[in-house]
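Novice: My questions will all concern the structure given below.
The values are calculated or read from the model by the stated rules, or taken from the named source; none is laboratory data. Predicted model, so just to flag it, every value in this text is computed and none were measured. As a convention, Cβ positions derive from the backbone with ideal geometry for all residues, glycine included, and neighbour counts pool all protein chains shown.
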Amino acid sequence: MQHHHPVDASGIFNGPLGAELRAQLAPHENVQAALSVDLTVSLRFAQGLLVLTENRIVGKDADSEWQSWPLSEDLQLRLMDHAGVGTLELHDRHQRLSLWRFTLGQQAQVLRFLLRFEQLRDAAAAGNLNQALVPVDESRCSVCSEILPPDSDECPACARLAGPKTSTWVLLRVGRFATPYKGMLILGFVMTLLATAATLVPPYLTIPIMDDILIPYQKSGQPVDPYLVSLYLGGLLLSALLAWGLSWARTWVMAKVSERIGADMRTTTYAHMMKQSLEYFGGKRTGDLMSRISADTDRINMFLSLYALDFVTDVIMIVMTAVILASINPWLALVTLVPLPFIAWLIQKVRGRLSVGFDRVSRVWADVTNVLSDTIPGVRVVKAFAQEEHEIERFREANVRNLEANDRVNKVWSLFSPTVGLMTEIGLLVVWGFGIWLVAHDQITVGVLSAFIAYIGRFYTRLDSMSRIVNITQKAAAGAKRIFDVLDQVSSVPEPVNPVQLPQPVKGRISLHDVGFRYGSRQVIRNLNLDIQPGEMIGLVGHSGSGKSTLVNLINRFYDVTEGSIQLDGVDVRRLAVADYRRNIGLVLQEPFLFFGTVAENIAYGKPLASRAEIVAAARAAHAHEFILRLPHGYDSVVGERGQGLSGGERQRISIARALLIDPRLLILDEATSAVDTETEKEIQKALDNLVKGRTTIAIAHRLSTLRKADRLVVMDRGEIVEVGPHDALMAAKGAYWRLYEAQARRAEEDAQAAGLTLAREGENA
């Protein structure tokens, strides 16, 4: 049996269902596309396979046997997704024949399979199946590696994921950032008009120089009038100086405006991004967001500072030149316009390809920055697992995809620009020929033809310049689309339209009424009611995934509840300005985050205007003062990015000092001591004892023994509260908390016994 699969089927046949698939295929039947699905119809994780050959679809999942359906124009594959699960249904005209389910991580592969199915089905219906079996153009998409359609740079699979193409009109939205500078823009436009007019004077002066001075002298020996020569040459010099001065001033003004527009755009985008909820950042890559603020705004800035002004100048020059040409000789002016329809058609054809190409370039460049943002902060883990070569290969692959995407754009652009130049040269030859014919029939003079040629040179030069701007315009449009994707994002934690003020002083009473929270379609918190009194310490306990951290995130208002309400001192937190509400919360995380800067700056992060005495007092209360003084420059010692150079316990105590300094009424401790050793935990616990005094405190702790000082313990399971009470009462009840405590005690005892055996064996060996 001989098979010639046009796709790389080795991975399929070497997989768990490969042998079964071989048995299903007939002799000379080849795999045209294959899709591995990872869910069964009943939503269990299991391997399934869907295969497309030249004449049928073959499929199987763990809940069914192999099935096949002949390829016909009646077949349809319908793609749907809901709640993180995708469904691919096979239909004919009358009924659903079968379905396959998969996680959305396989969405791109599913789209490629669907595209190939539609190509083969339509080709079979049209009787062109043989042509469809082997793609004519083997070039592949640089993003998803799908084979591209012949004579196309656009990947249909990526297009379905990416949404609508970028339109150049999106650049008009940048105008909102130009409003504060409209006075300077008007000044720049006026100077552009004057500078353009000045550059159009010299060709016009060549008419009297040729017809009234040079040609009469050459033909009949008429004496040259020095006064006229000086007058015309002075006019040429004056127009050149005027054009130079106005162009310099115009360029300086417009560059100044564009830099400010770019700076405002970066600041606005970053500010809007900072106001998004954690839900937004959870679905984004750091490198992609950095690329939008840096690379994409730079593209727009370059367009505004260098090319937008040139575009306006070109338009004005073309219009003015056309008017002058028409006034000199309408017929010759009409001949000048011969190349315009061809150039306009070419621009329209190329613009779409460049738009798709630069969208792809933006996406693959974000992949490059994503690799950097992953590996540089995590370089310690990379080195610990000796994965340098792996990460270098990841970067190389991303860089190659970026290179391929740019090569495809450059392939289009490299052909476009010389073609426009060729058309303008042909247009110039046509004008020369028609102009010579007019001179030979005494309809125009040589001076008029010379001026005409000079004007046409300017006309075609500007036309060629405008065509070159298409490249930069599409780059800027792709960048603007990505910027406005951020700016159009509405936060899932919105600011109230009419925020209310908290009653002063803030007491710190937290009330949760029928709180529910969904993450997508998954119910994480349900029917939760809890009243926390001012100054009370609450310990949240439960298995991993029980909803403890989600509840803390809701109280911090990192997310908003989907049902019920959370109140602070009787006021729904959604009615408070987000910043005003969070100023009353001190947060100490399991992994404390320190910024690059001095120790003092990190402690004062929540209160930048704090005095040195306040910073030292907070550090003393956090038991951090002594180790800070041992640093090379004390409080002015610079800590590395993310606190590199400090131990985990030292970073945690600085984090506690940071929380102490803002004197919050509500304190949240999220596993604050779980990542340190026992001795360090004791030091941190002393600092926490100072921190919780007089404050409403909600603490999550891995070691239940650290919560004995809590006034009440709240036991959670599957997003619900199952027990509430002090430690002793819950232990006596022998319920969920007792089981958790006993399990942890047994585990600690087993660990101690294992450690003792290890020490004993080491002693015997010694």
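Novice: Report yes if some residue within the range 90-110 is within 25 Å of Glu29 (Cβ to Cβ), part of a strand (DSSP E or B) and in contact (Cβ under 8 Å) with a residue 60 or more places away in the chain; otherwise report no. Let's see the steps before the verdict.
Specialist: So in the range 90-110, the residues within 25 Å of Glu29 (Cβ to Cβ) come out as 90-92, 97-100, 102, 106, 109-110.
Restricting the remaining residues to those that are part of a strand (DSSP E or B) gives 90-91, 97-100, 102.
If we keep only those that are in contact (Cβ under 8 Å) with a residue 60 or more places away in the chain too, we end up with 100, 102.
Among the residues of the range 90-110, at least one is within 25 Å of Glu29 (Cβ to Cβ), part of a strand (DSSP E or B) and in contact (Cβ under 8 Å) with a residue 60 or more places away in the chain, which makes the answer yes.
Novice: Can you name every residue in the range 33-53 that is aliphatic (A, V, I, L, M), free of Cβ contacts under 8 Å to residues at least 60 places away in the same chain and in a strand (DSSP E or B)? Give the steps one after another, and end with the answer.
Specialist: In the first step, residues of the range 33-53 are kept if they are aliphatic (A, V, I, L, M); the result is 33-35, 37, 39, 41, 43, 46, 49-52.
Cutting the leftovers down to free of Cβ contacts under 8 Å to residues at least 60 places away in the same chain gives us 43, 46, 49, 51.
The answer is Ala46, Leu49, Val51.
Novice: How many of the residues in the range 199-238 are closer than 22 Å to Met320 by Cβ, in a helix (DSSP H, G or I) and hydrophobic (A, V, I, L, M, F, W, C)? Even if it seems obvious, please write down each step before you answer.
Specialist: Applying the first criterion (closer than 22 Å to Met320 by Cβ) to the range 199-238 yields 199-210, 232, 235-238.
In the following step, the residues that additionally are in a helix (DSSP H, G or I) were identified as 199, 201-210, 232, 235-238.
Within this subset, residues satisfying the condition of being hydrophobic (A, V, I, L, M, F, W, C) are 201, 205, 207, 209-210, 236-238.
Counting residues in the range 199-238 that are closer than 22 Å to Met320 by Cβ, in a helix (DSSP H, G or I) and hydrophobic (A, V, I, L, M, F, W, C) gives 8.
Novice: Under 6 Å between Cβ atoms, which residue pairs at least 6 apart in sequence (or on different chains) link something in the range 701-724 that is farther than 9 Å from Gly542 by Cα and at pLDDT 80 or above with a partner that is outside any loop (DSSP other than H, G, I, E, B) and among the small types (Gly, Ala, Ser)?
Specialist: Hits for this filter: Ala710/Gly539; Leu713/Gly539; Val722/Ala736; Glu723/Ala736.
Novice: Can you report the number of residues in the range 570-586 which are surrounded by 18 or more Cβ atoms within 10 Å (Cβ to Cβ), under 23 Å from Glu720 (Cα atoms) and not basic (Lys, Arg)?
Specialist: 1
Novice: What are the residues in the range 332-352 that are in contact (Cβ under 8 Å) with a residue 24 or more places away in the chain and either closer than 30 Å to Val446 by Cβ or not in a helix (DSSP H, G or I) (or both), if any? Break it down into steps so the answer makes sense when it comes.
Specialist: At the first step, the residues of the range 332-352 found to be in contact (Cβ under 8 Å) with a residue 24 or more places away in the chain are 332, 335-336, 338-340, 342-343, 346-347, 350-352.
Of everything in the range 332-352, those that are in contact (Cβ under 8 Å) with a residue 24 or more places away in the chain and either closer than 30 Å to Val446 by Cβ or not in a helix (DSSP H, G or I) (or both) turn out to be Leu332, Val335, Thr336, Val338, Pro339, Leu340, Phe342, Ile343.
Novice: For the range 704-726, what are the residues that are within 40 Å of the chain's Cα centre (by Cα) and either surrounded by fewer than 19 Cβ atoms within 10 Å (Cβ to Cβ) or of a type in the set (Gly, Ala, Ser) (or both)?
Specialist: Of everything in the range 704-726, those that are within 40 Å of the chain's Cα centre (by Cα) and either surrounded by fewer than 19 Cβ atoms within 10 Å (Cβ to Cβ) or of a type in the set (Gly, Ala, Ser) (or both) turn out to be Asp717, Arg718, Gly719, Glu720.
Novice: Between a first residue in the range 183-194 that is free of Cβ contacts under 8 Å to residues at least 24 places away in the same chain and a second residue that is crowded, with 16+ Cβ neighbours inside 10 Å and not hydrophobic (A, V, I, L, M, F, W, C), which pairs have beta carbons less than 9 Å apart while being 6 or more apart in sequence or on different chains?
Specialist: Val190/Arg250
Novice: Among the residues of the range 633-649 satisfying the criterion of being touching a strand residue (DSSP E or B) at 6+ places or on another chain (Cβ under 9 Å) and either crowded, with 22+ Cβ neighbours inside 10 Å or over 20 Å from Leu609 (Cβ atoms) (or both), which is modelled with the lowest pLDDT?
Specialist: Looking only at the range 633-649, we keep the residues that are touching a strand residue (DSSP E or B) at 6+ places or on another chain (Cβ under 9 Å), and these are 633, 635-639, 645-646.
Adding the requirement that they be either crowded, with 22+ Cβ neighbours inside 10 Å or over 20 Å from Leu609 (Cβ atoms) (or both) leaves 633, 637-639, 645-646.
Numbers: His633: 86, Ser637: 87, Val638: 85, Val639: 84, Gly645: 73, Leu646: 81.
Filtering first and then ranking leaves Gly645.
Novice: Looking only at the range 441-460, count how many residues are loosely packed, with under 14 Cβ neighbours inside 10 Å and under 20 Å from Thr206 (Cα atoms). Working first, answer last.
Specialist: Within the range 441-460, the first condition is being loosely packed, with under 14 Cβ neighbours inside 10 Å, and the residues that meet it are 441-443.
Now narrow it down to the ones that are under 20 Å from Thr206 (Cα atoms): 442-443.
Total satisfying the criteria: 2.
Novice: Has the range 58-78 got any residue that is within 37 Å of the chain's Cα centre (by Cα), buried (at least 20 other Cβ atoms within 10 Å of the Cβ) and not in a strand (DSSP E or B)?
Specialist: yes
Novice: Which of the residues spanning the range 433-456 are without any contact (Cβ under 8 Å) to a residue 60 or more places away in the chain, farther than 21 Å from Met317 by Cβ and outside any loop (DSSP other than H, G, I, E, B)?
Specialist: Answer for the range 433-456, where residues must be without any contact (Cβ under 8 Å) to a residue 60 or more places away in the chain, farther than 21 Å from Met317 by Cβ and outside any loop (DSSP other than H, G, I, E, B): Gly433, Ile436, Trp437, Val439, Ala440.
Table: residues versus (1) of a type in the set (A, V, I, L, M, F, W, C); (2) under 42 Å from the mean Cα position of the chain (by Cα); (3) more than 21 Å from Val315 (Cβ to Cβ).
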| site | (1), (2), (3) |
| --- | --- |
| Phe177 | yes, yes, yes |
| Thr192 | no, yes, no |
| Ser220 | no, no, yes |
| Asp225 | no, no, yes |
| Glu259 | no, yes, yes |
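Novice: Suppose the filter is surrounded by fewer than 18 Cβ atoms within 10 Å (Cβ to Cβ), touching a Gly at 6+ places or on another chain (Cβ under 8 Å) and modelled with pLDDT of 70 or more; does Ile436 pass it? Working first, answer last.
Specialist: Values: surrounded by fewer than 18 Cβ atoms within 10 Å (Cβ to Cβ): yes; touching a Gly at 6+ places or on another chain (Cβ under 8 Å): no; modelled with pLDDT of 70 or more: yes.
Here the answer is no, as Ile436 does not meet what is asked.
Novice: Look through Met191, Met210, Met184 and report the one residue that is crowded, with 18+ Cβ neighbours inside 10 Å and modelled with pLDDT of 85 or more. Can you show your working first?
Specialist: Details: Met210 fails: modelled with pLDDT of 85 or more; Met184 fails: crowded, with 18+ Cβ neighbours inside 10 Å.
Just one listed residue meets the conditions, Met191.
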